[in-house]
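Okay, structure first, notes after.
The values are calculated or read from the model by the stated rules, or taken from the named source; none is laboratory data. All values derive from a computational prediction rather than experimental measurement. Cβ placement follows ideal geometry from the backbone for every residue including glycine, while neighbour counts extend to all protein chains displayed.
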Amino acid sequence: MLMEYVARTFAIPDLKGLSKKQMEVHLSLYEGYVKHVNLIRDRIAKLKESDEDNSFLINELRRRFGFEFDGMRMHEYYFEQLEGGRQEPNDNMPLVAAATEKYGSWDGFLAHVKEVAGTRGIGWVVVYYDPSGRVLHTIFVNDHELGQLAGLPIILAVDLWEHAYMVDYVPAEKKSYVEAFLDNMNWSIPEKRFLEEVV
């Protein structure tokens, strides 16, 4: 019997600039990723039990698995960052020090995240920490199963697919959505992720 992934629940309060309906739509999409992760795993197991040669079907399902799994996991990073309400960063946070070292200041770091978020197209802004290089990297990932920096822990994830904001903002207002998202961030979550890697 395969272990099943279960959609997580998140303690997200009312957000400024992101409606309850927007969050419900987005969470429902996340649940779809979880459902399809389980569906693919189950389908592969059943195909392997068959007497027929299902290698072609199994290979295509394996290719699809990365899309569904990374969609599930990236959304978990995303929603975690909104739990517990807005929490400001402070100068005593090691993440603030690392961001300041790389980007000149915390404001410089936020400006860079917003600049990367302005990249045309759908995708994610992902801030990673490279423990071996002891440096933060902020990149744009088009499809969450492609273009990730191999093996690097994710510190911050900003969803830039239209489903993340289209209830509240039109595509031309993506910048306003990014501002709203960052204004609602609980920065203790990225700080916790960062500390798990530097200790």
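The listed residues are Y5, Y103, Y78, Y33, and the only one of them that is touching a Gly at 6+ places or on another chain (Cβ under 7 Å) and surrounded by 14 or more Cβ atoms within 10 Å (Cβ to Cβ) turns out to be Y33.
Scanning the range 132-157 for residues that are surrounded by 13 or more Cβ atoms within 10 Å (Cβ to Cβ) and polar (S, T, N, Q) yields T138, N142, Q148. Here the range 1-16 is the region considered, the condition is being closer than 19 Å to D70 by Cα and modelled with pLDDT of 95 or more, and the residue that is farthest from the chain's Cα centre (by Cα) is E4. Considering the range 97-151, the residues that are in a helix (DSSP H, G or I) and charged (D, E, K, R) include one that is nearest to K175 (Cα to Cα), namely K114. One residue is enough: does the range 104-113 have a residue meeting the conditions touching a residue at least 12 places away in the same chain (Cβ under 8 Å), aromatic (F, W, Y) and not assigned by TED's automatic domain parsing to the domain that holds I139? No, the range 104-113 contains no residue that is touching a residue at least 12 places away in the same chain (Cβ under 8 Å), aromatic (F, W, Y) and not assigned by TED's automatic domain parsing to the domain that holds I139.
Among the candidates L136, L152, L160, the residue that is touching an Asp or Glu at 6+ places or on another chain (Cβ under 6 Å) and without any contact (Cβ under 8 Å) to a residue 60 or more places away in the chain is uniquely L152. If you go through the range 23-59 and pick out every residue that is of a type in the set (D, E, K, R) and at pLDDT 95 or above, you end up with 6.
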